[in-house]
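Asker: Okay, handing you the structure first.
Just so it is clear, none of the values below were taken in a lab; they were calculated from the coordinates. Quantities reported herein were computed from a predicted structural model and do not represent experimental measurements. Here the Cβ positions follow ideal geometry from the backbone for every residue, glycine too, while neighbour counts run over all protein chains shown.
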Amino acid sequence: MFRELEEVFAKWGAGLLILGILLSILYVFTEMLQGIILGESLYLLFALGGVLFATSFSLFRGHSNGLEMRVHKLASKDLSVSLKKTLMTITWALLISLPFGVLGLKLTGIADGTNFYDFGAYYNAAERLINGYPLYDWTTEYSGVTSLPNSPDRYLYSPLISFLFVPFAFLPFNTAALAWSVVSITVYLAGITVLVNTLTDSLSRQKWMMIYTASLGFGPFVITFISGQVTGILTGILCCAGAGYHKQERENISSSILTTIAAFFKMYYAPAGAPLLRNYRRLLTAAVTGLTIILTGVFIFDVQTTIEYINVLAGGKGWGSAIDPPIRWNINDFHPFYYLDVIGYIVRALLLATIATVAYRSRNYEFEYVDLYIYSFGILGVVLGAPVFATSGLTVTTPVILFLLVTTVHDRPGVFVSTLGATILIHAHPYTNEFLSSILLPVIGAETLASLIVPVIQPAVWGVFMLFVCVTYEYTLQLSDTT
């Protein structure tokens, strides 16, 4: 199992050390990087590279056999049926208690109500489309476009996607927001149903109720729901794509199309297409699908509108902008590479390159769930590789969590429990951020320590890391059994 990790850790460590040396030379002897990279970031780069390099040689190669046996023993540690049920019940209770408690506060007026912030931008875009106004001119007020003070009035998706919101624009905003919420929940739960049904035999009505309520209470999805975002729908689409990949029929192109559609909504979802690298037919299907969508958009609209959309993509959504101080972080802040500063972009690129390499090398492997392992790596690559990523986007970890829970519950309880723990950490992230930044630290007068405490505590960062470790273990375990 550790043979693959040794190679990856050694290459990553050596690469980061070499990169650190080159950047340090440029930083010291030229002015190219002055003001762009902080000296502390270079220290962290050397530290990370050194740890990975040393770990590869001293830990894995020196004690790989014994360590591997201990990891296998831990992952396969037997748990009683009653203990499994207890852990699942605790996880389920935590998933539903926090969001439904917040919902109760909102309904009673103690907390602010739902504002459907993001849906307002979609709603206005549809109104612009109906009235023939420019989609991306959010500086001008137009007659017939509803004024929504609690919405950004900034449409960021492609022109073609605006058609999705046209039916809602014929309804009053509040009614349209409610209808959009129903559609979002329906697609989200439908995708979950398809994926779970593909992975396991028929479940009891009680288990389905637990899955549905836990999924609806999942912290990132609650934020998606409150803001009226598209992430719930995209997660449903990604779940359906995952179900298709599980069939391991490389001639089946439906998953390639679904993955491309999700990436067309948000370009940084592209790493979810990692399984496309396992087969040229899949990759060609994705390319044709993407090109067809683009050309259709150009044909229906015009070249100028397409150029305006490209400018929106180039500008990004806060890409390269300074991150707020941790004391001002809220429920949507998720910064896994906060301490790495600009170096974080290099780490993201290396991570995505590694995932792509693993996906491409897996094209010769055919074992159970191989496509879903690669798919899981890709989805986690979306979370960790995006230039800017909000807590609500963590909803896309749902297919990874479901996949691990269903496939490890009987044979590898250690992985199963770790996945439950990762789920709780990701779920608690927005509430933890808000509690620390808005309540605890100001009350105890520890605002100056926020920059040290909040970035380190970030529960979702540790949760995503745990998911990555679990997927890596499962993949290398299966790979070792076939080689």
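Asker: Three principal axis extents, largest first, for the C-alpha atoms of region 243-387, in Å?
Answerer: Ordered largest first, region 243-387 gives principal extents of 49, 41, 25 Å.
Asker: Also, I was wondering about something else. What does the C-alpha gyration tensor say about the overall shape of region 318-468? Classify as rounded when a/c is under 1.5, otherwise prolate if a/b is larger than b/c, or oblate.
Answerer: In terms of gyration-tensor shape, oblate.
Asker: Mind running the shape call on region 263-311? Use the C-alpha gyration tensor, a ≥ b ≥ c as the square roots of the eigenvalues: rounded below 1.5 for a/c, prolate if a/b tops b/c, oblate otherwise.
Answerer: oblate
Asker: With a 10 Å radius around each residue's Cβ, average the other Cβ atoms per peptide and rank 157-167, 294-304, 374-384, 188-198, highest first.
Answerer: Those peptides, ordered most packed to least, come out 374-384, 188-198, 157-167, 294-304.
Asker: Which peptide among 215-222, 411-418 comes first, and what is the full order, when sorted by highest mean count of other Cβ atoms within 10 Å?
Answerer: 215-222, 411-418
Asker: Right, next: I want the local charge near PHE168. Using Cβ-Cβ distances under 15 Å, sum +1 for each Lys or Arg and -1 for each Asp or Glu among the other residues. Before the final figure, lay out the partial values.
Answerer: Numbers: positive: ARG128; negative: ASP118, GLU127.
Neighbourhood net charge equals -1.
Asker: Shape of region 156-259 from its Cα gyration tensor (a ≥ b ≥ c, root eigenvalues): rounded if a/c is under 1.5, otherwise prolate when a/b > b/c, or oblate? Could the numbers behind the result be given before it?
Answerer: Numbers: a/c = 2.56, a/b = 1.33, b/c = 1.93.
Verdict is oblate for region 156-259.
Asker: So for each of 464-472, 267-275, 134-142 I average, over its residues, the number of other beta carbons within 10 Å; can you give me the resulting order with the highest mean first?
Answerer: Descending packing order for the listed peptides: 267-275, 464-472, 134-142.
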